[in-house]
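Taking it in order: structure first as structure tokens, then the write-up.
Throughout, read-outs are computed from the coordinates displayed, never taken from laboratory work. If you're wondering where the values come from, they're calculated on a predicted model, not measured in any experiment. Quick reminder, even Gly has a Cβ in these numbers, built from the backbone with ideal geometry, and neighbours come from all protein chains shown.
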Amino acid sequence: MATLLAHIQVFSGKEADFENVMKEMYRITHATEPNCLRYEYWRGEKEGFYYCLLSYKTNQDFWEHQASDHHEGYMQDFVACIEDLRLESLDPVANASPLMPAAEQAVSASVSAAVKKQALAFPIGVKGWWKAFH
């Protein structure tokens with residue numbers, strides 16, 4: 001499973017543009033990606049700061065999302081709004097979340113070059129201290 005929290009700082013004045021793009025991404029992602037378990041956007045306390053909680057059945061499902069036509073199609077609109085973005089891998093606490101634990105997963109050799117590129121750009125792994133709880 002791949003669960004991530006994106007920390008997103010939007011350029012001042014770009015909040016409405018960002019939210020419009022994310023509403024469309026939310027709609028398309030949930031309509032076309034059956035292995036998407038969570039894909040949600042949240043406003044933070046600090047002005048112009050957002051979070052995205054996303055979870056996929058496998059790491060490869062996340063990488064395929066990143067390489068999807070709809071994700072890539074909105075990339076210019078997305079980039080025009082983003083001042084800073086950081087992805088944080090998450091591991092659910094057993095019996096305190098319905099999600100499965102994070103798992104080490106390599107990208108399949110049979111996937112497209114675009115998916116392989118995303119796997120290199122966004123490596124997902126199990127953090128050492130999590131292993132004591134798996």
Given R₀ = 41 Å, FRET efficiency for Thr32-Ala132 by Cβ-Cβ distance, to 0.05? 0.65
What do you get for trypsin sites (Lys or Arg not before Pro) in segment 1-50 restricted to DSSP loop and a cutoff of at most 14 other Cβ within 10 Å of the site's Cβ? Lys46
For segment 38-134, which GluC sites (Glu not before Pro) are in a loop by DSSP, counting at most 12 other Cβ atoms within 10 Å? Glu45, Glu47, Glu104
Normalised by the residues of segment 5-65, what does the relative contact order come to in percent, with Cα pairs under 8 Å and at least six apart? 39 percent
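Can you bin segment 49-122 into rounded, prolate or oblate? Criterion: square roots of the alpha carbon gyration tensor eigenvalues sorted a ≥ b ≥ c, rounded for a/c under 1.5, prolate for a/b above b/c, oblate for the rest.
Values: a/c = 2.32, a/b = 1.18, b/c = 1.97.
Oblate, because a/c is 1.5 or more while a/b does not exceed b/c.
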Taking Lys and Arg as +1 and Asp and Glu as -1, residues besides Pro101 with C-beta under 14 Å from its C-beta add up to +1
Options (i) 15.1, 44; (ii) 14.8, 59; (iii) 14.2, 41 for Rg and Dmax of the Cα atoms in Å; the value derived from the coordinates is listed as (i)
Add +1 for every Lys or Arg and -1 for every Asp or Glu among the other residues with Cβ under 12 Å from the Cβ of Lys57, and state the total. -2
Could you go through segment 47-53 in sequence order and give the Karplus-derived ³J(HN,Hα) for each residue, using 6.51 cos²θ - 1.76 cosθ + 1.60 with θ = phi - 60°, rounded to whole Hz, and x for Gly and Pro? 4, x, 10, 10, 10, 10, 9
Given a Förster distance of 25 Å, the FRET efficiency implied by the Cβ-Cβ spacing of Lys23 and Ala80, rounded to the nearest 0.05, works out to 0.95
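If you take the beta carbon distance between Tyr51 and Glu104 as r and set R0 to 30 Å, what does 1/(1 + (r/R0)^6) give as a FRET efficiency, to the nearest 0.05?
The value I calculate is 0.75.
Quick check: residue separation of Phe122 and Ala6 times 0.36 nm, minus the Cα distance between them. What number comes out in nm?
Length gained, Phe122 through Ala6: 40.6 nm.
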Part-to-part distance (alpha-carbon centres) for segment 47-92 and segment 94-134, which is given in Å: 15 Å
Taking every other residue with Cβ under 11 Å from the Cβ of His70 and scoring Lys and Arg +1, Asp and Glu -1, one gets -3
